[in-house]
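Visitor: What follows is a structure written as structure tokens; I'll ask about it next.
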Ligand SMILES: Cc1cc2nc3c(=O)[nH]c(=O)nc-3n(C[C@H](O)[C@H](O)[C@H](O)COP(=O)(O)OP(=O)(O)OC[C@H]3O[C@@H](n4cnc5c(N)ncnc54)[C@H](O)[C@@H]3O)c2cc1C
């Protein structure tokens, strides 16, 4: 049921059992799951029903470091959140993504994949995909992997009827949370502000911040600053270990197109085994090879003999149905680095909240993941005789920078309020509860301690369904 907050008198206090901020995949999944069980939920969304410049403008921010997308458009601020323009690629994290990688600092989750597996089916239903991901082991070192495609579900459309009609789900639009007041290890109340500047208060048994992978950090930093750091004692940890999935082309490939079992639909994804990653001291990476028919073998051989003699000889000596000219695109797991972070800038937005400054760089570890993984892929392709990979110059030559392709990263905003066993190393515990506070939770990919290579939304939805179970237990329903 939509509630018109413009009718609230000055000093109004709205009460709820659970109050959720943000109606993207994280917040909406949680709200729907709790409300379905009859729990009284208040869902507060900063934007309106549609995209509006005035609201979107509040997402402006600065990026310091590597070239990155304009923060104003790298996420969406209206009902349904960034699902309004996500592409729908879905895949769960691998089991080894949750484990510590001894070669890479700050890795490892306080939960294993077994904690999320029970929620895969439910999350797949929400995203309208199959919960089967039929990967194939091609060798002990290499898998052909699968992404399932959501239609893609637009959360604002999917749950609009429910938001209009369900009495125990109150939805307030055009209203942003701007502060939280601590009281004896709890959040006593939250302050919200309408686009028109009116302010009112919410009191709830539980609050859940689901404002997206940059805003969760930005807002917690700001709430803490406004309260002399009484919400989160370890203020410095908030916003740190922010991650993207960098993407870049690392090589060209000539493959045996007759291997229809591998390249059946013109495109195939590959990943190395977790064991091989640990041996090389690298993180997880996905290789996307989109094969295109190459017209003439003679021309191909001539080209290859000039630029890649060994590859040319392999082609000459083969009767294979060659497919060439394809690039190897890598989307990889960025190393968690405390220097990559969301911070508060000097300039404030129209609601008086400091705009975010995103510090983001690809690190030496990131380069190693991209290069060593591509080399390992090339070796596997040769050993299995699927094809031959010609590495781009920057892979071997450290003096060359990582090039910036048109698609430089994946619009995946992860980390910043990472899950950890202790408040020294993260913001939320294994249940997504802010370490120092009894009734404040965080939803979304900002809680990821590491990111695997899988697109994050399926995991976000799994985490929200798990959080719904946790809150049901605490609410004793
Ligand atoms: C172009 C693009 C393509 C993508 N493709 C994929 C893909 O193929 N696969 C995939 O898994 N992921 C993809 N993503 C990422 C995906 O969109 C996000 O992972 C997902 O939307 C995150 O969900 P969320 O609920 O955490 O945050 P969001 O969807 O960003 O929702 C946050 C919500 O919080 C609201 N909010 C913000 N501030 C406040 C406040 N102060 N008070 C109240 N509410 C607030 C916002 O208005 C918004 O509605 C893509 C993203 C983009 C931009």
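Read-outs throughout are calculated quantities, based only on the coordinates presented, and are distinct from any laboratory measurement. Keep in mind that what you see is a predicted model, and the values were worked out from it rather than measured. As a convention, Cβ positions derive from the backbone with ideal geometry for all residues, glycine included, and neighbour counts pool all protein chains shown.
Visitor: Starting from the exponent 0.38 and prefactor 2.2 Å, build the expected Rg for region 1-50 from its residue count and divide its actual Cα Rg by it. Provide the component values of the computation, followed by the final result.
Guide: On the way: Rg = 11.7 Å, N = 50, 2.2 N^0.38 = 9.7 Å.
Relative to the 2.2 N^0.38 Å estimate, region 1-50 comes out at 1.20.
Visitor: Using a/c under 1.5 as the rounded threshold, could you call region 68-209 rounded, prolate or oblate? The axes a ≥ b ≥ c are square roots of the C-alpha gyration tensor eigenvalues, and prolate needs a/b larger than b/c, oblate otherwise. Mind showing how you got there, number by number?
Guide: Working: a/c = 2.14, a/b = 1.60, b/c = 1.34.
Prolate, because a/c is 1.5 or more and a/b exceeds b/c.
Visitor: Taking the alpha-carbon centroid of each part, what is the distance from region 112-147 to region 426-477 in angstrom?
Guide: 20 Å
Visitor: Can you tell me the 0 to 90 degree angle between the C-alpha axis of helix 215-226 and the longest principal axis of the chain, rounded to 10?
Guide: Helix 215-226 and the main axis of the chain meet at about 40 degrees.
Visitor: Restricting to Cα pairs below 8 Å that are 6+ residues apart, what does the relative contact order work out to for region 151-228? Please round to a whole percent.
Guide: On the way: 67 pairs, mean separation 16.2, N = 78.
RCO, region 151-228: 21 percent.
Visitor: Take the alpha carbon gyration tensor of region 59-126, find the square roots of its eigenvalues, order them as a ≥ b ≥ c, and report rounded if a/c is under 1.5; if not, report prolate when a/b exceeds b/c, else oblate. Please report the intermediate quantities before stating the final value.
Guide: Working: a/c = 3.02, a/b = 1.28, b/c = 2.36.
It comes out oblate by the Cα gyration axes.
Visitor: Average the reciprocal distances over every distinct pair of alpha-carbons in region 17-110, invert the result, and give the Kirkwood radius in Å.
Guide: Details: mean 1/r = 0.0616 Å⁻¹.
So the Kirkwood estimate lands at 16.2 Å.
Visitor: Ok, one more. By average Cβ neighbour count within 10 Å, what is the ranking of 333-342, 410-419 from highest down? Don't skip to the end; give the middle numbers.
Guide: Details: 333-342: 23.3, 410-419: 25.9.
Top to bottom by mean Cβ count within 10 Å: 410-419, 333-342.
Visitor: Then there's this: Once you have a ≥ b ≥ c as the square roots of the Cα gyration tensor eigenvalues for the chain, tell me rounded if a/c is under 1.5, and otherwise prolate or oblate according to whether a/b is larger than b/c. Write out the running numbers ahead of the final one.
Guide: Details: a/c = 2.18, a/b = 2.00, b/c = 1.09.
Prolate, since a/c reaches 1.5 and a/b exceeds b/c.
Visitor: Across the Cα atoms of region 400-439, what radius of gyration and what greatest pairwise Cα-Cα distance (Dmax) are found, in Å?
Guide: 16.1, 49
Visitor: Separate question: Return a whole-number percent for the relative contact order of the chain, with Cα pairs under 8 Å and 6 or more residues apart as the contact set. Each step should come with its number before you reach the end.
Guide: On the way: 1100 pairs, mean separation 112.6, N = 477.
Averaging sequence separation for qualifying contacts and normalising by length gives 24 percent for the chain.
Visitor: Mind checking the angle between helix 364-384 and the chain's longest principal axis? C-alpha axes, 0 to 90 degrees, to the nearest 10.
Guide: That helix lies at roughly 40 degrees to the long axis.
Visitor: Calculate, axis by axis, the spread of Cα positions in region 133-248 along the three principal axes, and write the results as whole Å, longest axis first.
Guide: Result, largest extent first: 58, 42, 27 Å.
Visitor: Over all distinct alpha-carbon pairs, what is the Kirkwood Rh of region 351-458 in angstrom? Don't skip to the end; give the middle numbers.
Guide: On the way: mean 1/r = 0.0576 Å⁻¹.
Every distinct Cα pair counted, the radius reaches 17.3 Å.
Visitor: Could you work out the relative contact order of region 425-477? I mean the mean sequence separation of Cα pairs under 8 Å and 6+ apart, divided by the number of residues, in percent. Kindly include the intermediate steps, with their values, before the conclusion.
Guide: Values: 34 pairs, mean separation 14.4, N = 53.
The normalised contact order for region 425-477 reaches 27 percent.
Visitor: So for each of 120-132, 242-254, 165-177, 392-404 I average, over its residues, the number of other beta carbons within 10 Å; can you give me the resulting order with the highest mean first? Walk me through the intermediate numbers first.
Guide: Numbers: 120-132: 17.6, 242-254: 23.5, 165-177: 20.0, 392-404: 12.5.
The densest-packed peptide leads the list: 242-254, 165-177, 120-132, 392-404.
Visitor: On a 0 to 90 degree scale, rounded to 10, what angle separates helix 25-36 from the longest Cα axis of the chain?
Guide: The angle comes out at about 50 degrees.
Visitor: Please report the antiparallel percentage of DSSP beta bridges with both residues in the chain, rounded to the nearest 5.
Guide: Details: 53 of 78 bridges.
Taking every DSSP beta bridge within the chain, about 70 percent pair in antiparallel fashion.
Visitor: What is the diffusion coefficient of region 190-265 in µm²/s, taking the Kirkwood radius over Cα pairs and the Stokes-Einstein relation at 25 °C with a viscosity of 0.890 mPa s? Write down the numbers at each step before the final one.
Guide: Working: Rh = 17.3 Å.
In µm²/s, the coefficient is 142.
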